[in-house]
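Everything on this sheet refers to the single structure shown next.
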Amino acid sequence: MIKFSDLQPGDIVIADFEGSQNEGIVKALNREDKEVCIQTGESQYWFKPADLHAIPLNEDGLKKLNFESLENANGVKYMKGAFRILIPKKGNFSDFEMWYREDRRHIKQPISLHELQNHYYSMTKVELNAD
């Protein structure tokens, strides 16, 4: 389950519908009824937060969002435009740095893909998606 307050339009999550799990994008939020509109493929459905699950942040998720990677002596650097993520140990997303211009953040626990998208948006004022 994802907390309703953690979701923003554009976030990528897993939606569970009658036992079938599909990746989708948050299209809209109904704050009054605490429902989330998720687009999966060509369809859009409304879900309760209890039916939504986070996708752990990993290299595959970053590649899906068109990050480029570069291994160096400090670890693996992921880049998208001027936004950077530095993972000191390849594959270990539990302690890393991200920065955009002067805004630097040190993340000390594993986060999900939608949380990265929310950090990216708060730092750049641009949605992070596959485009």
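Some points to look at:
- Per-region count, the range 100-123, residues of a type outside the set (Phe, Trp, Tyr) and more than 23 Å from residue 24 (Cβ to Cβ): 10
- Conditions (1) at pLDDT below 95; (2) surrounded by 16 or more Cβ atoms within 10 Å (Cβ to Cβ): number failed by residue 21: (2)
- Entry remark, the range 18-31: residues being closer than 30 Å to residue 87 by Cβ and part of a loop (DSSP other than H, G, I, E, B) number 0 in total.
- Conditions (1) within 17 Å of the chain's Cα centre (by Cα); (2) of a type in the set (S, T, N, Q); (3) in a strand (DSSP E or B); number of the one not met by residue 5: (3)
- Check on residue 122, assigned to a helix (DSSP H, G or I) and either modelled with pLDDT of 95 or more or aliphatic (A, V, I, L, M) (or both): yes
- Residue within the range 96-105 that is modelled with pLDDT of 95 or more and in contact with a Pro (Cβ under 8 Å, 6 or more places away or on another chain) present: yes
- Taken over the range 51-80, the criterion of being without any contact (Cβ under 8 Å) to a residue 60 or more places away in the chain, surrounded by 12 or more Cβ atoms within 10 Å (Cβ to Cβ) and either aliphatic (A, V, I, L, M) or assigned to a loop (DSSP other than H, G, I, E, B) (or both) is satisfied by 52, 55, 57, 58, 62, 67, 76, 79.
- Extreme residue, modelled with the lowest pLDDT, among residues of the range 32-50 that are within 22 Å of residue 129 (Cβ to Cβ) and not in a strand (DSSP E or B): 41
- Filter result (of a type in the set (Asp, Glu) and surrounded by 12 or more Cβ atoms within 10 Å (Cβ to Cβ)) within the range 81-131: 95, 97, 103, 115, 127
The values are calculated or read from the model by the stated rules, or taken from the named source; none is laboratory data. Quick caveat: nothing in here was measured; it's all calculated off a predicted structure. When we count neighbours, we look across all protein chains shown, and the Cβ atoms used for this are built from the backbone with ideal geometry, even at glycine.
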